[in-house]
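> Just passing along the structure, written as structure tokens.
Just so it is clear, none of the values below were taken in a lab; they were calculated from the coordinates. These figures come from a predicted structure and were not determined experimentally. When we count neighbours, we look across all protein chains shown, and the Cβ atoms used for this are built from the backbone with ideal geometry, even at glycine.
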Amino acid sequence: MAKIKFTKGELKKQRDVLKQFTHYLPILQLKKQQLQLEIQRVRKNVDLKSGEINNLEDEIEKWAGVLKEPVEGFSSWIVPTKVARKKLNIAGVDIPLLEGVEFAEVEYDLFATPLWADIAIETIRRLVLLLEEKKVLEEQLEILRRELRITTQRVNLFEKVKIPECKENVRLIRIYLGDQQTNAVGRSKIAKSKIENLILEGIAS
């Protein structure tokens, strides 16, 4: 506990700080709840996306053997040329959001290229998109979890340390100032009594 001054000025300061803490705590608690809900939502989406990826990979595996047949330029048609993202603010924290994935235009000789090329390109592009979506969701989850840890630490700091500390400081200062006032009143009465006795002695003499 930091050293405090037992003065009226310090009492006001501690009361003001306590007011700030008690005002800010519900905001932090609300943020914590929002983050927890958002983490649940994103985790659910990650699981759903993982299921979609597994299903599509199973589908690709059925005809993956044909991919061994070389097709000129095939790899360039399934690798993204651009992955567009933007920022989304959730509970005061910025998280990434996937806007879209762009691929190079497919150009090949219809007669020289195997019949499976079109469906393979389309299916693998779908897989690439799903993998990018999952990647962004996992980044969201990491950022939200980190922010939740920080927010939870702050809530605990306010609830268990700062607010009780301020309340105790206010209590101690009020007791001290109350004792000082009581002592001052006592000294005043003693002084008044002495003066009265001196006056009475003067009259008697």
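> Modelling each spin label as a point 7 Å along the Cα-to-Cβ direction, I'd like the residue 152/residue 84 distance in nm, to one decimal.
Label-label distance for residue 152 and residue 84, simple model: 3.7 nm.
> When only alpha-carbon atoms count, how far does region 8-195 stretch along each of its three principal axes, as whole angstroms with the largest first?
Result for region 8-195: principal-axis Cα extents of 123, 26, 18 Å.
> With labels modelled as points extended 7 Å from the Cα through the Cβ direction, what inter-label distance (nm, one decimal) is found for residue 105 paired with residue 6?
Going from the residue 105 label point to the residue 6 one covers 8.5 nm.
> Need the full-extension length gain, residue 126 to residue 40, defined as separation in residues times 0.36 nm minus the C-alpha distance. One decimal, nm.
In short, 28.4 nm is gained.
> Please report, in debye to the nearest 20, how large the charge dipole of region 8-195 is about its Cα centre when each Lys and Arg carries +1 at its beta carbon and each Asp and Glu carries -1 there.
Using only the charged Cβ atoms, the result is roughly 3440 debye.
> Next up: If r is the Cβ-Cβ distance from residue 22 to residue 177 and R0 is 30 Å, what FRET efficiency results, to the nearest 0.05?
0.85
> With a Förster radius of 35 Å, plug the Cβ-Cβ distance of residue 54 and residue 143 into 1/(1 + (r/R0)^6) and report the FRET value to the nearest 0.05.
0.90
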